[in-house]
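S.K.: Take a look at this one; I'll ask things after.
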Amino acid sequence: MEIDYKKLVTEYRSKRFCILRDVINDDELDTILEFYNSLVKDDNGRHLEVKFGDINNNLEDSMIANLFRKISIIRVKVLSLSSNFMMHRNLSEDALEDEWERLMVEVMQKYGGWSRFMQYGKGHKFNAHKDAIGEVMAILHLSQPLTDYTGGLYVYHPETKKEECVDDMLNTKDLILCVSNYYMHRVDIKPLTKTGRLTYFVNFNPLSSEGAVFQGRMESLVNKLKA
Ligand SMILES: [Fe+2]
């Protein structure tokens, strides 16, 4: 997958969200769905958390682990390049992609962030809220808007005072990155199939306690890289 990071960063800076198209292929989608279907769901069937710890046993060869890492790397890259908060903004945007990737893999192996599948079916919704400062949603779509459901994630733009449904811009296998402290947001859907709205949601907040550890680690790695 070729990613034009500069373009993404520009998009992300201006809109506070950006969309990465087709971040996984059909085989990867099948794998992730198979994995999802093998998991025991909780009672309401909406939140299903999958932590890094759960996949540690076969971190090296599991396709899920690789996907997870891939999503996280993309997210860190975009977040890192675009955020004033992260100290390594001083690095040139032309920093070698290979070096960056190695750095991120190393960081992700140490970092205990979380991810979860989220499935919205009949009667499920999430009321309007904002998340903590620094929070960014990274949402990989595993079902098809307008085929599996209508509606989705609505974001309310604080300047234009307009609310828009981002799922209308998305397809299966697309990843959206969105600053969830900037937008009031909510989820409301009407399922059209049994699947409804199924996403894989990755989070790591640079201001959370885990994020502080992550950032410290990142700084020392960046210094190493610079040396
Ligand atoms: Fe949220």
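The values are calculated or read from the model by the stated rules, or taken from the named source; none is laboratory data. Note that this is a predicted model, so its numbers are computed, not measured. Every residue, glycine among them, receives a Cβ derived from its backbone with ideal geometry; neighbour counts consider all protein chains shown.
S.K.: Among the residues of the range 10-41 satisfying the criterion of being loosely packed, with under 12 Cβ neighbours inside 10 Å and closer than 30 Å to Tyr182 by Cα, which is modelled with the highest pLDDT?
M.R.: Taking the candidates together, the pick is Arg21.
S.K.: Still on this structure, I have one more. If you go through the range 156-169 one residue at a time, how many are surrounded by 14 or more Cβ atoms within 10 Å (Cβ to Cβ) and under 18 Å from the mean Cα position of the chain (by Cα)?
M.R.: 3
S.K.: Which one of the conditions (1) at pLDDT below 80; (2) assigned to a helix (DSSP H, G or I) does Asn84 fail to meet, given that it meets all the rest?
M.R.: (2)
S.K.: Hey, another quick one. Which pairs do you get when a residue that is among the small types (Gly, Ala, Ser), found in the range 154-181, comes within reach of a residue that is within 15 Å of the ligand (Cβ to nearest atom), reach meaning Cβ atoms under 8 angstrom, with the pair 6+ apart or on two chains?
M.R.: Pairs that qualify, where the first residue is among the small types (Gly, Ala, Ser) and the partner is within 15 Å of the ligand (Cβ to nearest atom), are Ser180/Lys130; Ser180/Asp131; Ser180/Glu135; Ser180/Val136; Ser180/Met137.
S.K.: What number of residues within the range 172-211 satisfy the criterion of being among the charged types (D, E, K, R) and modelled with pLDDT under 80?
M.R.: 1
S.K.: Which of (1) within 14 Å of Asp131 (Cα to Cα); (2) at pLDDT 85 or above does Pro158 not meet, given it meets every other one?
M.R.: Pro158 satisfies all of (1) within 14 Å of Asp131 (Cα to Cα); (2) at pLDDT 85 or above except (1).
S.K.: Are any residues in the range 166-188 away from the ligand (no atom under 15 Å from the Cβ) and not in a loop (DSSP other than H, G, I, E, B), and if so, which ones?
M.R.: Result: Asp168, Met169, Leu175.
S.K.: Moving to a separate point now. How many of the residues making up the range 101-155 are surrounded by fewer than 16 Cβ atoms within 10 Å (Cβ to Cβ), away from the ligand (no atom under 16 Å from the Cβ) and either modelled with pLDDT of 75 or more or among the hydrophobic types (A, V, I, L, M, F, W, C) (or both)?
M.R.: Final tally of qualifying residues: 5.
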